[in-house]
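The structure appears below as structure tokens.
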Amino acid sequence: MAAQTKLERSEQINGWLFVMPALVLLGLFMVYPIVWSLWMSFQTGRGMNFSFGGFANIVRLTQDPIFLRALGNTFTFLIIQVPIMLVLALLFATALNDTRLWGRGFFRTAIFLPCITSLVAYSILFKSMFANDGVINDFLLASGLIADPIPWLGDPFWAKVVVISAITWRWTGYNMIFYLAAMQNIDRSIYEAARIDGVPAWARFWYITVPMLKPVILFTSVISTIGTLQLFDEVNVLTLGGPSDSTLTLSLYIYNLTFKFMPNFGYASTVSYVIVVLVGILSFLQFLVARDRR
Amino acid sequence: MSNLKLRGIRKAFGNLEVIKGVDLDINSSEFVVFVGPSGCGKSTLLRMIAGLEPITSGELDIGGERMNDVDPSKRGIAMVFQTYALYPHMTVRENMGFALRFAGKPKDEIEKQVKEASRILELDPLLDRLPKQLSGGQRQRVAIGRAIVRHPQVFLFDEPLSNLDAELRVHMRIEIARLHKELKATMIYVTHDQVEAMTLADKIVVLREGEIAQVGAPLQLYDNPDNLFVAGFIGSPKMNFMAAEVVDRDNGKLVVALANHGGTKVALPIADSSANKGDKVTLGVRPEHFADAGKGDSDITVGIDVAEHLGQTSYLYARAPGGEQLIIEREESRDHGALDSLTVAISARHAFLFDAAGKRLR
Amino acid sequence: MSTLDQATELSPAIAARRSNPSFNLLALVSRGLVYLLLSIAAFVSIFPFIWMFVSSTNTAADVLTGKATLGNALWANIVTFFTTVDAPRIFWNSAFLAIVGTVLTLIISSLAGYGFEMFKSRFREKIFGALLLMLSIPFAALMIPLFIMMANLKLINTYAAILLPAIASIFIIFYFRQATKAFPSELRDAARIDGLKEWQIFLYVYLPVMRSTYAAAIIIVFMANWNNYLWPLIVLQTNEQKTITLVIQSLSSAYYPEWGVIMVGTILATLPTLLIFFVLQRRFVEGMLGAVK
Ligand SMILES: Nc1ncnc2c1ncn2[C@@H]1O[C@H](COP(=O)(O)OP(=O)(O)OP(=O)(O)O)[C@@H](O)[C@H]1O
Ligand SMILES: [Mg+2]
């Protein structure tokens, strides 16, 4: 290639100058830690003394009942919570997309409101509401739906239910906004044409709305998956992973391994790489599913 | 008022060569128009002159100085963009004074220049508006005003009128011509529009796939095109091209037979010795140059598909017996709608001949 | 068949449906269901906020028994909150981190987003692709090495430890790059001809033209910073530095939580984001949309 001209050179230099500060910071605080923790995941030992352990950590993973517990819990949350939330969000968005609906603005704002609260604030709120003699039990008892108070946070099953309701409460509105936006981009005349052709409402939803929203549905399911796999704040405030590890998540386990017990950085890094790998696999699968149906 | 000299200018984007060696001289105060089909490199060439696009190789001189590596703002040029490129957050006044502000000119000096430009372009009542409060034509005037304020030696226009409606386009075209007269600056103007090219230019540069196909005064290109490409590009409706074969050479005349017109022979005053008997050639006749039957050199009869009557002129969309499409222009005739076929004459002095490679035979 | 034929053929069917009473009833019922569903959703969404305000006026004992009416302990709760914790201090800490973090993030990340879009080169495109891949790396995976790094740099218990890893946000870089695609490159060309240097073009042309993009980004980043929990929990260990999020969480994990007092804290923690949301509601939604496009 010919030698660069002065103009080309200054264009190149400027290009680097604009992105350099960000790249330096990302290199230091993102790339370096990732590489470092990959290396760490092959080390064993406690505190700051470690030695190369090869695949020892990976072997340990398969035999660690707490890890398997956390993995199972995380998957339970993922499989139950993400679909419920996305379906709810899609339903609300469809209802709110109707211009003839009275009070649209109010409903939209109300359903969106939870996602501006801080994770910690709403977790605390839920903790108080779901206390043994809290407002939820009082309400259920008073309405005669249950005879005895439910030990929400003290029972492995109900604790999961509380965590799932909490996350769903917080994030449904958030996903709904993405769907609403995408729906507003769909040309209204398509629906009008379908109505003239006598296509019933459910078919319009299923054969027009859903396929046209596919990219956004994919996007929301990927970000929700990532979010759920990283679940930390809510469980740490609501249950601390209890009772008896029934709501322990991978992130919380990593935190415990690092900062609660005698730190074991190598093993904790291995667990964190499990999340990385899971995010990668699941995003890829979701991507494949979305593509196949096209 | 500078002259420009382009020598062996090339531009490559990665491995794709877009400008393939352009040599061009532009005189001081000349109005030069670049035309050519979409994607032929007009904007790229203009942007290299402006300094917005680095020159891959070759030499660019403006006013006798080598400008290849000079910053766009120091080349003595100003540019008017197709999309106007007005700063949307600034008023008309601020838009026009922006360059002077960064050249460190004092406030009253800027104000004076802006006033002067707005007088020339009649922008006074609009000075405190934002671009979004202006019509398309007004925006384009502001864009031109922004260029004038800098007193450039060379004005560069990249399809400045193509976002305007037809009527406004005519109006602004005249405005630009007036401006050229008044400022006497060198102007380089890129357009798709034949009429703009023909009416504005002192000199037209026809570009084709990154190379100059021909340079010349507007009528020179019309009367005397160098090649099939220029012949087809200049003139509207397009020149008709008819497949032919050289059949004879006869005291300074070349005789060709029209393949799709039953071998009708046309004898042309062409001395070029490179054409031999049996060569495939193309005969070009402009729609406006067909004569009435018997009044030219050779008669041809064509079938008429559609007739468009525009009042003074009519365009007949015709078909040769061999299948070729032809357009024939007729003046003051209104009865062709009913016709199925028509006989017209080709006059040798208004016909052009091109060899198989598209080169003009003279 | 032309559309006209179709329309005339269908119109009797439509007319029949319109006049059919059972069809109307069905429409009415389904409409009622929609309102019911939305009302429940709205109630469930808003109830915790109401509960938060009601609880803040009640004593801890009343909160625990689920008293759902306004009490008269609000003032006492406020007083207790302000005496138990150094409220101005933690509020200032949160605000400082959120504001400084937002400003720095916007500067660095918007510069990068602009740079990636405006100055394209093959090499930088590859880097950008790599950044997008890293977007899905969970924070949990970075937490340990970052902590050790901060410990080695002696930055534990400093705000630098919080700010440094957050300033260059891949998500915000991506957001600005997407938004920059709508910024006409002719404006940059015009400004270059007008004699502006690249940084001047960014400052005097790009920034003012893109102000609504910035507004949306401010809200997104501010909220994320204000609500940040896990990382501050790890690196801020002294009481003087704790943010409001950390403080209310530690209050709530007491053995006998003072719910009324804690609710005063959660209101204070929620109020700024609530205010920002209502003031800039439209921009906020636009900003989120900009991110998907
Ligand atoms: N930045 C670029 N990178 C790669 N190729 C480019 C770039 N800019 C232009 N090209 C290519 O260079 C060729 C010439 O482009 P240019 O814009 O100069 O055409 P043009 O003659 O102005 O066309 P139009 O009349 O449509 O404006 C085109 O094929 C175009 O695809
Ligand atoms: Mg162009």
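The values are calculated or read from the model by the stated rules, or taken from the named source; none is laboratory data. All figures in this text were calculated on a predicted structure; none of them were measured in a lab. Cβ: placed from backbone, ideal geometry, glycine included. Neighbour counts: every protein chain shown. These accessible areas exclude ligands, DNA and RNA; they are computed on the full protein's heavy atoms, side chains included. Shrake-Rupley method; radii C 1.70, N 1.55, O 1.52, S 1.80 Å.
For residue B:203, the lysines whose Cα comes closer than 20 Å to its Cα, not counting residues fewer than 8 places off in the same chain, are B:5, B:42, B:181, B:184. For the stretch A:200-214, backbone phi angles converted through the Karplus equation (6.51, -1.76, 1.60; θ = phi - 60°) give residue-by-residue couplings of x, 4, 4, 6, 4, 5, 6, 9, 10, 4, 4, x, 6, 8, 3 Hz, Gly and Pro being listed as x. When the P(r) of the stretch B:39-146 is calculated, the portion above 18 Å amounts to 56% of the C-alpha pairs. Taking all Cα-Cα distances within the stretch A:149-294, those exceeding 27 Å account for 43%. Would you be so kind as to list the residues of the stretch C:58-95 that have their accessible area lowered by at least 20 Å² in the full protein complex compared with their chain by itself (1.4 Å probe)? Output list: C:64, C:65, C:66. For the protein assembly as shown, the solvent-accessible area works out to 45 Å² per residue, with a probe of 1.4 Å and every protein chain left in place. Helices in chain B, meaning DSSP H runs of at least 4 residues, each add -39500 (n - 2.57). Divided by all residues, the mean residue ellipticity at 222 nm is -7000 deg cm²/dmol. Amide H contacts of residue B:254: B:268, B:270, each under 5 Å away and 5 or more positions distant or on a separate chain (H built 1.01 Å from N in the peptide plane; Pro and chain starts excluded).
Using packing as a proxy for protection, rank C:264-270, A:6-12 so that the peptide with the highest average count of other Cβ atoms within 10 Å comes first. Walk me through the intermediate numbers first.
On the way: C:264-270: 24.4, A:6-12: 15.6.
My ranking of the peptides, most packed first, is C:264-270, A:6-12.
Shielding value for A:177-187 is 2, the average number of Cβ atoms from other chains within 10 Å of each residue's Cβ. Does anything in the stretch B:251-293 have its amide N under 18 Å from the 7 Å Cα→Cβ label point of residue B:317, and if so which residues? Only B:287-288 pass the distance filter. On full extension, the segment bounded by residue B:272 and residue B:250 gains 6.7 nm, given 0.36 nm per residue less the C-alpha separation.
Within straight-line reach of residue B:238, meaning a Cα separation under 19 Å, sit the following lysines at least 8 residues removed in sequence or on another chain: B:359.
So which chymotrypsin sites (Phe, Trp or Tyr not before Pro) in the stretch A:205-294 pass both tests, a DSSP loop state and at most 12 other Cβ atoms within 10 Å of the Cβ?
Working: sites: A:205, A:206, A:207, A:219, A:232, A:253, A:255, A:259, A:261, A:265, A:267, A:273, A:284, A:287; in loops: A:232, A:261.
Filter output for the stretch A:205-294: A:261.
When +1 charges are put on Lys and Arg Cβ atoms and -1 charges on Asp and Glu Cβ atoms, the dipole computed for the protein assembly as shown relative to its Cα centre reaches about 1720 debye. Computed over the protein assembly as shown, the P(r) curve from all C-alpha pair distances, binned at 10 Å from the origin, holds 2, 9, 14, 16, 15, 14, 12, 8, 5, 3, 1, 0, 0 percent per bin. On the beta carbon distance between residue B:171 and residue C:153, with R0 = 51 Å, the FRET formula returns roughly 0.15. With all projection directions averaged, the alpha carbon convex hull of chain B covers 21.8 nm².
Each Lys and Arg adds +1 at its Cβ and each Asp and Glu adds -1 at its Cβ; summed about the Cα centre, the stretch A:63-292 shows a dipole of about 520 debye. With a cut-off of 10 Å between beta carbons, the residues surrounding residue B:162 carry a summed charge of -3, where Lys and Arg count +1 and Asp and Glu -1. With a 10 Å cut-off around each Cβ of C:179-191, the average count of Cβ atoms from other chains is 5. Accessible surface buried at the A:C interface totals approximately 7600 Å², computed with a 1.4 Å probe on protein heavy atoms.
In the protein assembly as shown, a dipole from Cβ-located charges (positive for Lys and Arg, negative for Asp and Glu) runs towards its positive end, and of C:195, C:221, A:269 it is A:269 whose Cα lies farthest in that direction.
From Cα pairs below 8 angstrom and at least 6 apart in sequence, can you work out the relative contact order of chain B, rounded to a whole percent? Mind dumping the intermediate values first?
Numbers: 768 pairs, mean separation 54.6, N = 362.
Rounded, it is 15 percent for chain B.
Applying the criteria of a DSSP loop state and at most 16 other Cβ atoms within 10 Å to the trypsin sites (Lys or Arg not before Pro) of the stretch C:88-188 yields C:120, C:154, C:181.
Sparse packing (at most 13 other Cβ atoms within 10 Å of the Cβ) combined with a DSSP loop state is found for the following GluC sites (Glu not before Pro) in the stretch B:89-165: B:122. A simple rule links phi to the HN-Hα coupling: the Karplus curve 6.51 cos²θ - 1.76 cosθ + 1.60 with θ = phi - 60°, which for the stretch A:256-263 gives 4, 4, 8, 10, 9, 8, 4, x Hz, with x for Gly and Pro.
Solvent-accessible area lost on pairing A with B (1.4 Å probe, both sides summed) amounts to about 600 Å². Derived scalar couplings between HN and Hα for the stretch B:245-251 equal 9, 6, 10, 7, 10, 8, 4 Hz in order, rounded to whole Hz, by the Karplus curve 6.51 cos²θ - 1.76 cosθ + 1.60 (θ = phi - 60°), x for Gly and Pro.
Within 10 Å of the Cβ of each residue in B:80-89, the mean number of Cβ atoms contributed by other protein chains is 5.
Solvent-accessible area of the protein assembly as shown (1.4 angstrom probe, protein heavy atoms only): carbon and sulfur portion equals 61 percent.
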